[in-house]
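Derivation of every value follows stated rules applied to the coordinates shown; laboratory data play no part. In this text, all values refer to a predicted model and were calculated from it rather than measured experimentally. Cβ sites come from the backbone with ideal geometry, for glycine too, and all protein chains shown count toward neighbours.
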Amino acid sequence: VVGGLAVTPGEFPWLAALLRDGKVICGATVVARDHLITATHCVHEVEASRLSVLVGVYDVNKTHPVGFDVSHVTQHPDFNRYNYDNDIAVLRLASPLPDNLYRPACLPDDEDMLGGADAVVSGWGSTVEKGPASNIPMKADVQIWAQEECAGAGYGRGKVTPRMLCANAPKRDACTGDSGGPLLLSQPHFTIVGIVSWGRGCARQGYPGVYARVDRFLPWLRVALRHACTCAP
Ligand code: 4AZ
């Protein structure tokens with residue numbers, strides 16, 4: 001996250017780091033005791049046995065990564081590896097997380113009105129473009145763009161599909177390593193509305209962060225989650 005502040009330990013109890021072969025590669029979000037949401041591009045063609053998640057961990061360099069094993073990955077069947085359309089995946093854990101370790105984020109309502117809303121992005125990604133990953137999670141308040149503005153943004157027509165949304169603020173953005181992590185509305189309760197997906201560089205003017213738009217995937221998500229969401233608002 002560029003232009004952010006350090007997350008306080010325990011502040012985002014749904015925020016997880018995704019490990020591949022024991023190394024942090026992406027973010028993820030806990031939505032039920034045995035399910036997380038991430039980006040398909042983080043797990044594309046990776047076997048579940050190589051994946052684990054850190055939950056309730058703050059400094060990812062202090063705890064030599066021992067994660068919770070991922071038992072199954074559901075990639076979105078329409079993921080497009082060229083334009084990152086449908087960049088969402090569900091991770092199932094081999095065993096449920098201990099109750100005291102996490103709190104799930106909520107899923108959004110059908111087709112929420114999001115243009116102009118204030119949201120927060122968080123993760124262990126770079127704090128400057130091309131910089132190293134962060135040891136501790138960072139957060140930044142960003143604003144969600146109207147869908148029409150986003151579709152006509154610097155990226156050019158057609159690059160941003162209806163399954164994506166744009167968000168940023170001056171000098172604030174997601175960055176490399178934040179992929180798969182959440183964009184959340186904090187009001188009225190923490191709700192995952194986006195998944196960090198792509199962008200040109202980080203915090204460049206006219207090039208907002210682009211996110212998978214979670215409300216477009218609700219029917220698919222409910223099945224992939226086996227109807228297990230247990231966010232109690
Ligand atoms: C990345 O490479 C990445 N500024 C994620 C988000 C953004 C750019 C790059 C958005 O994971």
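Figures for the structure shown
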| read-out | value |
| --- | --- |
| FRET efficiency for N61 and R103, using Cβ-Cβ distance with R0 set to 30 Å, rounded to 0.05 | 0.80 |
| Relative intensity, log₁₀ I(q)/I(0), of the chain from a Debye sum that treats every alpha carbon as a point, q = 0.13 Å⁻¹ | -0.67 |
| Under-5 Å amide H pairs with M164, H placed in peptide plane, nonlocal only | R213 |
| Helical mean residue ellipticity (222 nm; -39500 (n - 2.57) per DSSP H run of 4+; nearest 500) of the chain | -1500 deg cm²/dmol |
| Amide hydrogen neighbours beyond the local backbone of V7, cut-off 5 Å, H modeled | M138, K139 |
| Eligible lysines near K171 by straight Cα distance, threshold 26 Å, same-chain separation 8 or greater | K130, K139, K159 |
| Unpaired by the 4.7 Å Cβ criterion, cysteines found in the chain | C229 |
| Amide H contacts of H72 (H built 1.01 Å from N, under 5 Å, at least 5 apart or other chain) | R92 |
| Chymotrypsin sites (Phe, Trp or Tyr not before Pro) within the range 75-119, DSSP loop, no more than 14 other Cβ atoms inside 10 Å | Y82 |
| E149 paired with D110, simple spin-label distance in nm, labels 7 Å along Cα-to-beta-carbon | 2.8 |
| Equivalent-ellipsoid semi-axes of the range 106-186, from the Cα gyration tensor, Å, largest first | 22, 16, 11 |
| Mean separation of Cα contacts under 8 Å, 6 or more apart, over the residue count of the chain: relative contact order % | 25 |
| Bins of 5 Å from zero: percent of alpha-carbon pairs in the range 145-223 | 3, 16, 25, 26, 19, 8, 3, 0 |
| Which of L101, L91 has the fewest Cβ neighbours within 10 Å, and the rest in rising order | L101, L91 |
| Cβ charges +1 (Lys, Arg) and -1 (Asp, Glu), total dipole of the chain, debye | 440 |
